[in-house]
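Engineer: Handing you this structure, nothing more for now.
The values are calculated or read from the model by the stated rules, or taken from the named source; none is laboratory data. Treat the numbers as computed from the prediction; the structure is a model and nothing was measured. So basically every Cβ, Gly included, is an ideal-geometry build from the backbone, and we count neighbours across all protein chains shown. These accessible areas exclude ligands, DNA and RNA; they are computed on the full protein's heavy atoms, side chains included. Shrake-Rupley method; radii C 1.70, N 1.55, O 1.52, S 1.80 Å.
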Amino acid sequence: MGAHLEHCRETSSCSLHRYGCRRWGAMLSPGDVCAIVPAYNEEKSIVSVVAELRLALPAAEVIVVSDGSTDQTAELALGAGAVVVSLPVNLGIGGAVQAGYRYALRSGFRIAVQVDGDGQHDPGELSRILDPIMSNEVDLVIGSRWLGRGDYVGSRARRIGMRVLTVLVRWRTGLWFTDTTSGFRAAGPRALAAFARSYPADYPEVEAIVIGARMGLRMMEVPVRMNARKYGRSTIGGWRSLYYMARVAMALVVGGASGAIGS
């Protein structure tokens, strides 16, 4: 998968060069691919996120879903060239992501990449999650920070939690994923349509894998490099990580994805 990237200069200061050598770049045209960016009060990072995405995927439409933001996230994203879907109230990450998928489906996009609004997901890694979609190998690709690419190091508690979720997801689906909470994803036509219809409401990344397995989606994980969060703090940091683990573990144990938002 990565052979065509070997001759790319992997430098953060020259993004355009990094994307210019994609073997499928010429296959994309406006209306094929969109980037869904759920964002809640990300005014400090959203402009750079949109700019880097537009540079990485010139043919893609960047869709920022402002999830009831009370700062200038929506205005700044619009000024940076994104399409903005403004939700009147905060629905949470699941509602925001599904709003993006529904917009993408109604607008006729075939492929959607999902990128967080805090700058942690490196657009330089997009080809890694898009390659299997473009070659029709799978329907959903998840970028993992735990497969040896980059130098991301989480807390001990987070690493233990990820192992627990990995085991539970394996038990529920028969599939092995190392980074079940990663929101750095690419969805092909089948996954895009499926998630527009039904998507987990609360902390959805893990439960979306279960939904995908139930729907018969072909899924895989690829190694990616992720950045450290520059501004704000994670919504599942500190004591909230305990709630997150308990909530997701319970959902997986008692049936999984019971809180999905339907159409």
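Engineer: Which net charge results when you count Lys and Arg as +1 and Asp and Glu as -1 among the other residues whose beta-carbon is under 12 Å from that of ALA193?
Structural biologist: Around ALA193, the charge tally is +4.
Engineer: Please give the per residue accessible area of segment 103-197, computed with a probe of 1.4 Å over protein heavy atoms only, in Å².
Structural biologist: Working: 3710 Å² over 95 residues.
Value returned for segment 103-197: 39 Å² of accessible area per residue.
Engineer: For THR70, THR181, give me the order by solvent-accessible area with a 1.4 Å probe, most accessible first, ignoring ligands, DNA and RNA.
Structural biologist: Values: THR70 115, THR181 15 Å².
Order by accessible area, largest first: THR70, THR181.
Engineer: How large, in percent, is the carbon and sulfur part of the accessible surface of segment 30-114 at a probe radius of 1.4 Å?
Structural biologist: Here it works out to 55 percent.
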